[in-house]
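Input: a single structure, listed below in structure tokens.
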Amino acid sequence: MDANATTGYEWRLANPVDDSLIDLVSSEYVADNTGLVGSGGRSVWTFKASRAGKAQISFKYIRPWEKDVPPVKEASYTVDIRGKAVKKAPDRIDPTNWGDDDFESSFDGGEPSFGENGDMGG
């Protein structure tokens with residue numbers, strides 16, 4: 001997801017994920033390689049599916065130290081996990097690339113679905 005750590009904002013989970021279906025493996029901020037001070041980047045989140053089902057993943061874009069301030073952005077995704085459980089964690093999920101062979105729909109309002117191998121991306 002687009003982000004800019006230089007502003008103090010960061011993507012956080014808005015709600016805990018259903019850990020009976022998916023686990024959060026990692027999250028990281030990856031700065032764009034522009035060489036410009038203050039340029040943005042991406043927040044990349046990696047999840048691992050543990051069994052078939054539907055999971056909701058919701059994010060909020062906030063400054064963590066600002067209390068009682070609503071998020072400036074929100075994003076929510078319904079993930080339809082199909083097939084066998086993942087045996088190893090996928091490399092990473094970049095929602096801007098949804099629509100490749102592992103997913104049946106796109107990032108733009110669609111509901112991403114996992115391929116028959118259970119992979120969440122990569």
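Throughout, read-outs are computed from the coordinates displayed, never taken from laboratory work. These numbers come from a predicted model, not from an experiment. No Cβ is skipped: glycine too gets one built from the backbone with ideal geometry, and neighbour counts run over all protein chains shown.
If you only keep lysine pairs separated by 8 or more in sequence, or across chains, how many in segment 2-97 come under 24 Å at the Cα atoms?
Lysine pair count for segment 2-97: 9.
When you count, for each residue, the other Cβ atoms within 10 Å and take the mean per peptide, how do 35-42, 54-61 rank with the highest first? Don't skip to the answer; put the middle values down first.
On the way: 35-42: 11.6, 54-61: 17.6.
Going from most to least packed, we get 54-61, 35-42.
Using R₀ = 35 Å, calculate the FRET efficiency as 1/(1 + (r/R₀)^6) where r is the Cβ-Cβ separation of S27 and K54; round to 0.05.
On the way: r = 22 Å, r/R0 = 0.62.
Approximately 0.95, to the nearest 0.05.
So if the hydrodynamic radius of segment 2-97 is defined as the Kirkwood radius over C-alpha pairs, what does Stokes-Einstein give as its diffusion coefficient at 20 °C and 1.002 mPa s, in µm² per second? It would help to have the intermediate numbers written out before the result.
On the way: Rh = 14.7 Å.
Translational D for this selection: 146 µm²/s.
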